[in-house]
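Asker: Before I ask anything, let me first share the structure, which is written out below as structure tokens.
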Amino acid sequence: MACMETSRRIGYVLNHFRPRDAGLMKEIAAHAAAGSTVEIFCLHSPRTIRAVRKVLPFSLRVTVLPDLVKDEEDAWMSLRAASRVLPGFWNTLAAASGQPAEQVIPAVCVAEIARQRGLTHLHASSGGAPVAVARLAAQLAQISYSFRVWRRDIACGNAQSAQFEGTLVEARAVFVASDYCAAWLRRNHALAAERIQHVRRDGMAAWERFFESLRAESDLPGRLPQTC
């Protein structure tokens, strides 16, 4: 399992990466200011990744997942490569047999990269596919993950499915940006109460509380130390 170091390495899993998303860029910049390293994983290709990188206010590694697997042969190569670096790979993958290939293959790629680059945490900044990919990738890489719930996730039913309950059980934190989302989660998902972090109200303090909880858990008596 990847170790939780003082220098935190976080992978954001996004549907689309839009550097003009002020909220996202402010959050990533705050992570960088706190000494964390952040990487971006895009499930869909920007129009031109070169143009995207030109407008970034700071250095940021962006991995466009569709560029890594273009056909069936690439997919099998990714599976074989991941199986060599991820312990228990095939058993974990078998447990995810119900997930669509368009989520499984990106998750495999993210997990392999996470292990190779020493990422310690994955975060899905929106519901739907990013959460599914981050969850499976975290299982494969044996690291923690979190996700963000928006009003639209509640409105479209993403936060009301049986799959969401399982996602919530395994997630180390659920980030929200409104009192409405926090109240809805507490009312409909008992497990959410202890995992909610309010980023709009508390800003980076919400992330710091979350990482402090991970550090505290890793220091519990009887817990095996994590090794890199």
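The values are calculated or read from the model by the stated rules, or taken from the named source; none is laboratory data. The structure presented is a predicted model; accordingly, all values stated were derived computationally and were not measured. Positions of Cβ are backbone-derived with ideal geometry, glycine not excepted, and every protein chain shown enters the neighbour counts. For accessibility, only protein heavy atoms count, side chains too; no ligands or nucleic acids. Shrake-Rupley method; radii C 1.70, N 1.55, O 1.52, S 1.80 Å.
Asker: Amide H neighbours of ARG195 under 5 Å, at least 5 residues apart or on other chains, H built in the peptide plane: list them.
Answerer: Long-range HN contacts for ARG195: none found.
Asker: At 1.4 Å probe size, with no ligands or nucleic acids counted, give the accessible surface of ASP179 in Å², nearest ten.
Answerer: Per-residue accessible area (ASP179): approximately 100 Å².
Asker: So what's the net charge close to PHE89: Lys and Arg +1, Asp and Glu -1, counting the other residues with Cβ under 15 Å from its Cβ?
Answerer: Result for the local shell: +2.
Asker: Can you give the accessible area of TYR180, probe radius 1.4 Å, in Å² rounded to 10?
Answerer: 100
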